[in-house]
Amino acid sequence: MFIWPLLSVTIFLPLFGSIVILLIREDEKSSNNIKWAALCTSIGTFILSCLIWLFFDSSISSYQLVEKYKWFDDFNFYYHIGVDGISLFMILLSTFLTPFCILASWDSIKKRIKEYMVAFLLLETFMIGMFSSVDILLFYIFFEAVLIPMFIIIGVWGGERRIYASFKFFLYTLLGSVLMLIAIIFIYQYTNIMNIEKLQGNFFPFKVQFWLWLAFFASFAVKIPMWPFHTWLPDAHVEAPTAGSVILAGVLLKMGGYGFIRFSLGMLPLASEFFLPLIYILSIIAIVYTSFVALAQTDIKKLIAYSSVAHMGIVTIGIFVANQQGVEGAMIQMISHGIVSAALFLCVGVIYDRAHSREIAFYGGLVNRMPLYAASFMIFTLASVGLPGTSGFIGEFLTIIGAFKINIYLAFFVASGIILSAVYMLYLYKRIIFGTLTNEKIKDILDLNIREKIIMVSLIAVVLLIGIYPNLFLDPMRLPIETLIENYDNANAK
Amino acid sequence: MIISIVFLPLIGFLYCIFFGKIFGDKSSQIISTLLLFISTMLSWYIFIQYIEIKNTEIYFLFNWITSGSFIVNWAFRVDALTSAMLIVVTTVSFCVHLYSIGYMKSDKSISRFMSYLSLFTFFMLMLVTSDNLLQMFFGWEGVGLTSYLLIGFWNYKESANKAAIKAFIVNRVGDFAFALGIAGIFFIFGSIEFDIIFEKASLFKDHTIYFLGFNFSTINLLCFLLFIGAMGKSAQLGLHTWLPDAMEGPTPVSALIHAATMVTAGVFMVARLSPLFTLADTVNIFITFIGASTAVFAATIALTQNDIKRVIAYSTCSQLGYMFFAAGLGAYNASIFHLTTHGFFKALLFLSAGSVIHAMHHEQDMRKMGGLFYKVPLTATMMWIGSLAIIGFPYLSGYYSKDIILETAFFSSSNIGSYAYFIGIFTALLTAFYSWRLLFLTFHGETRVSKENFVKIHESPLVMLIPLFLLSIGSIFSGVFLSEYFIGSKENEFWNSSVVIFNNHYHMPFSQILLSKVSVSLGILIAVLFYFFRKELAANLASNFNFLYSLSLNKWYVDELYNFLITKPFFALSNILWKNGDKKIIDEYGPNGISRIINAFSSYLSQFQSGYLYHYAFVMLAGLVIILSWFVYF
């Protein structure tokens, strides 16, 4: 279809950009060059990914823009990439958020700017690569590689307890990944196929699926994260710099959901069916329990981190109700959460840059000085509580519908998020934004600058776009998900 | 046309938000009010078309969500019910827009206020014109949001912020059930479009669903969930606590949102889904019970409140109860009729109260008023008209709508019908009492305002009086003109099956009519006695029946009860879960525990490398012995 490999170029453009940045001299004067180079690279990548969307054909359920090269001669490993309706939006999410990360770090990162930008661009390459891998080994390599820049970002540019947080993050996720690696090696031994697409269906007997499912679960449940494997997330978020939190919440958590859809649901339908109760129970606990915990937080970032866990609980239920509305709901919820929670972290970043505090009690009455900020924060808060017309509602409601088909209790607990999220988010909003400005330290705080305005306006636009016309996003993912559900049902009907 | 009715307020909102700062507050006021005026005129035009009989029309905008078989469109449905709601919403909203120009004159964020009002109107119009449940839910949550924003409009006030959050969250409890209900309807009927639901409803009459160990009638369960949603929005018993607190918002807001339009959304929803609700026999009993109980419950509280707005707020709650029990008894047209007339006279009461508050420089306590009649004669007249309308004074609007509701209850053969009937009669007495109490405390008798302040009291400007005048026309004449179409001889042609109609044209026996009139007169007489002739009586009564008095004054302690049962445990639990659950259990036994074990284990292992030769020699020897013995014996 293309004379040039669009997908590969998208994947490796950030890598190329980071090499260029390495060549730029680093001193006071040229730090702006570094930032601009990084920004241009990431915007270029975003434009390329939009091209992918443009040329994407929604009437094909299988991978498109496929590139396949033999990698090792004696083994069945390929450099095999492609996009389908499920990975398309994950790629778009990654490329969409990265420019904002760079913009958000424009003034707040003071030391080692070059390395910082390189880390982010590398991260972008790995993320896009991971979502577009068709070969399992390639997937695994990118999946693990993502950890490295993230580990460095938290560990170097993080807050006071950054070492503890980054190690907790790294070890937690690594532990899961090791089990996944074993599973992948087993799959290779067993089938000699490493192609994700070919493995969709029902290749393994139940006993094998059982163990493979658990191994994958270990990795994805930590990543997404599910209760009770979630405690690394609040720590990582709190210590990470703003942009780190944005990518962490925006994209990295989605790797878990993406994995669940591709591997657990797609390859291991029998085991998925068997483990449904486990997933449901853990997800329900996540929704209810973490909502409560979120309410008790005194740190803004921690509160939002916990809310992420609750939202991801809705995603896991949506995936494992395994019907069209459920999985589509989960996908939309992931996209929406990717944007909304990223935006919320950016909002926190805005005031953190100005006042250097993440304590809720430190603020109050910001609306008096920062009306624009208050307005954007309000919109993201509403999207987070799932108000109709915003992106959060579509995902949540589709999931409720999907869950209702399985049983009414499940729907009941998913819907309880409607109340609980409103409680902690509005309470947070009230304490930060409303009231009178009493704290002397922030009485001269300034409203959004032009850079921040650009960020907020673009994010708001997407939030409303998904809320009012979600079909733009639902259309491309319809066929792949239909195929997925069909496979799943066929396997379990036997 | 319907599209412009709905979207003009949205344009007004966008203008105020984006250009209000640039072109000034005046321009926001003018543009948003003007747009609303056009919207109102168009709504009346549509309404008159339906008076002259017109069929249901559906306007398709574009597809909203398509996910498998779940297909939702942005589409508008116009029928008699919608047209009736349109006139209520746009007329009251226009009056309130106009009124706000005067009322909010000295406020510093006028544009923001006007923008919220317009946004609210947009959402409300979306709600009443929607063709499916999800779009209705969009409007439903949207009005909840704007209500939240407007209650907390003066966001420097802690009490306003608290009230705003409370309103949003209590509403969300209802919305939670509503959302589940919508999901359930999709699950059962395979669609959430009204036409399809109504078509299939009768097929599922005997269908049951297994839930909580019982087989429930499906339709009853779904209607129950939907009705919980309606209870939240319409502040019915149990979920009513947010409404009185919502009076923290500016008074025009109370008139528009918390009296005339948003709180009636629950009634509208039940009427809109009347083909479904008529089949839900058990839920209808529940609706009647809740409606009637709310009516009397709220009225008893209104008896003793001292804040002028709170009296009217509880009165709203009580009148909504009337609407619900009418709906529960199947008289959906009567319910909507009362909704319409109530919209006019309650907005009138609120705006008049606002005018008093404006005149008194934001004093709301009636104990500090009195004798204002000659100071604000026009406002006081309007208040009188509103009060006469609410008690059902002959030929004013409330007369028609309240009587038909009582009539319905009287002729309903069920027990719950008789319950509602007697409650209705008794509540009418209470209504008369608190309305006259309000009138006397505010406008008559000797003034309790200090002299220097009394001189400063002035009648409100024209821009505030015109809306009052418009609404008073509605309060006086809407009953006479509309009764024929809503509940009278032309009801079948007018409603044109947009709601299920309770066909009952017997008239109540004279004795019963007399009973209701006597109870109202009695209420007025007692109020006259207490607050005009023998003022010490009220105080005596209060101290003699202290228990009952404080029960009423403290709103039956529902807020305290909820605080104790829900709010406090909620916060306590969240702290416990965080400190014990996350920190102590998961982290201590999870990652930190594992790292501790590994640490301990490795330091234990490192003891083996002691560096002493004899340790190593001993271990080697011991190993050798063990291996040798193994070979020797096995």
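Each reported figure results from applying straightforward, stated rules to the coordinates on display, with no laboratory input. Keep in mind that what you see is a predicted model, and the values were worked out from it rather than measured. Don't worry about glycine lacking a Cβ; one is built from the backbone with ideal geometry, like all the others, and counts go over all protein chains shown.
Some values worked out for this structure:
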| quantity | calculated |
| --- | --- |
| Ellipsoid semi-axes in whole angstrom, largest first, where each is sqrt(5λ) of the Cα gyration tensor of segment B:542-634 | 74, 15, 9 |
| Rh (Kirkwood; distinct C-alpha pairs) - segment B:580-634, Å | 14.4 Å |
| Segment B:295-341 - convex hull of the alpha-carbon atoms, volume per residue in Å³ | 51 Å³ |
| Neighbour-count ranking [beta-carbon atoms within 10 angstrom, fewest first] of A:S61, B:S111 | A:S61, B:S111 |
| Positive minus negative residues near A:H80 (Lys, Arg vs Asp, Glu; Cβ under 12 Å) | 0 |
| Rounded Å value of the spacing that divides the Cα centres of segment B:309-332 and segment B:49-121 | 22 Å |
| Computed over segment A:275-494, the ratio Rg/Rh where both radii use C-alpha atoms and Rh is Kirkwood | 1.03 |
| Inverse mean reciprocal Cα-Cα distance (Kirkwood Rh) of segment B:177-320, Å | 16.2 Å |
| Helix runs (DSSP H) in chain B reaching 24 Å along axis by Cα, Kyte-Doolittle at least -1.0 | B:2-51, B:80-103, B:110-129, B:133-151, B:158-189, B:281-302, B:308-328, B:332-359, B:415-443, B:462-486, B:510-528, B:613-633 |
| Cβ-based net charge around A:I153, under 14 Å, with every Lys or Arg adding one and every Asp or Glu removing one | +1 |
| Value of [θ]222 nm, deg cm²/dmol, for chain A, DSSP H segments ≥ 4, -39500 (n - 2.57) each, nearest 500 | -24500 deg cm²/dmol |
| Surface/4 estimate of mean projected area, convex hull on alpha-carbon atoms of segment A:221-292, nm² | 4.9 nm² |
| Isotropic mean projected area of the C-alpha convex hull, the protein assembly as shown (nm²) | 54.6 nm² |
| Whole-number D in µm² s⁻¹ for segment B:235-387, Kirkwood Cα-pair radius fed into Stokes-Einstein, 20 °C, 1.002 mPa s | 135 µm²/s |
| For segment B:589-633 and segment A:195-236, distance of Cα centres in Å | 36 Å |
| Segment B:1-45 versus segment A:436-487: alpha-carbon centroid distance in Å | 27 Å |
| Cα gyration tensor shape of segment B:1-118, rounded if a/c is under 1.5, else prolate or oblate by comparing a/b with b/c | oblate |
| Chain B, helix-only ellipticity at 222 nm - DSSP H runs n ≥ 4, -39,500 (n - 2.57), divided by all residues, nearest 500 | -23500 deg cm²/dmol |
| Size descriptor, Kirkwood hydrodynamic radius, that averages inverse alpha-carbon separations across chain B, Å | 26.6 Å |
| DSSP-defined antiparallel bridges as percent of all bridges, the protein assembly as shown, nearest 5 | 95 percent |
| Ascending count of other beta-carbon atoms within 10 Å, so fewest first, for B:S118, B:S191, A:S105 | B:S191, A:S105, B:S118 |
| Chain A: C-alpha gyration tensor shape, a/c 1.5 cut-off, then a/b vs b/c | oblate |
| Burial ordering of B:F325, B:F277, fewest other beta-carbon atoms within 10 Å first | B:F277, B:F325 |
